[in-house]
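Step one of this worksheet: look at the structure below.
The values are calculated or read from the model by the stated rules, or taken from the named source; none is laboratory data. Because the structure is a prediction, the values reported are computed rather than measured. Because the Cβ atoms are built from the backbone with ideal geometry, glycine has one as well, and the counts that use them run over all protein chains shown.
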Amino acid sequence: MNKNHRRKYKIWWTVVLVIVLALVVFFRGAFGPRQENEQKAVAVAEKYAHLSHKSNYYEFSRAGKEYHTVEGTNRTGEKIYAIVSANNRRINVFAANKGLTAKQVSAQIVQQRKPKRILHVALGMDQQGKQPVWEVTYLNQSGNLCYSLVEFKTGTVTKEIQNL
């Protein structure tokens, strides 16, 4: 009986170990690209926008264009958003006090649309790559997916898709 009990114990721990290792491999693969993108964007922002402290990171993907946005402060203490293209060749830097924050945009969408839940807020560039816009995805009261693009500087909703 004691030998049988030990064998079951070893099998149980082997199964647990295999499950833990599988989870580690899965999550490392799932979050690896995001971490790599963030590290590259921060390096570009440090070099060209003089970023000294990162406080947030956003990934923005729309119409085949991808942006990696780093929020933080520069060497002079000014809060900035550095929007880096996916290939790390183009960077747009905006003073945070010249536009809306993620929190302000979220509050605006909550007030205007009364969503059940906001899923994602990210800063990127418009389709022409000229103006910064906030992308907000949320679930409406019916549980349907909705999407709004909000101008960074004015808070104007430039595009909206309801009930996806």
request  = Among the residues of segment 87-98, count how many are touching a residue at least 40 places away in the same chain (Cβ under 8 Å) and touching a strand residue (DSSP E or B) at 6+ places or on another chain (Cβ under 6 Å).
outcome  = 4
ask   = How many residues, within segment 114-159, are more than 19 Å from Thr69 (Cβ to Cβ) and either in the same structural domain as Ser61 (by TED's automatic domain parsing) or not in a strand (DSSP E or B) (or both)?
value = 9
key: segment 88-113, subset assigned to a loop (DSSP other than H, G, I, E, B) and within 18 Å of the chain's Cα centre (by Cα), residue farthest from Asn37 (Cα to Cα)   = Leu100
ask   = Exactly one of (1) buried (at least 18 other Cβ atoms within 10 Å of the Cβ); (2) over 18 Å from the mean Cα position of the chain (by Cα) is unmet by Thr69. Its number?
value = (2)
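Taking the stated definitions as given, is Glu66 out of contact with any Lys or Arg (no Cβ under 8 Å at 6 or more places or on another chain) and over 13 Å from Val150 (Cα atoms)? If you could, list the steps in order and put the result at the bottom.
Working: out of contact with any Lys or Arg (no Cβ under 8 Å at 6 or more places or on another chain): yes; over 13 Å from Val150 (Cα atoms): yes.
Spelling it out, Glu66 is indeed out of contact with any Lys or Arg (no Cβ under 8 Å at 6 or more places or on another chain) and over 13 Å from Val150 (Cα atoms).
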key: Only listed residue being of a type outside the set (A, V, I, L, M, F, W, C), modelled with pLDDT under 95 and farther than 26 Å from Asn88 by Cβ, chosen from Gln128, Gln162   = Gln162
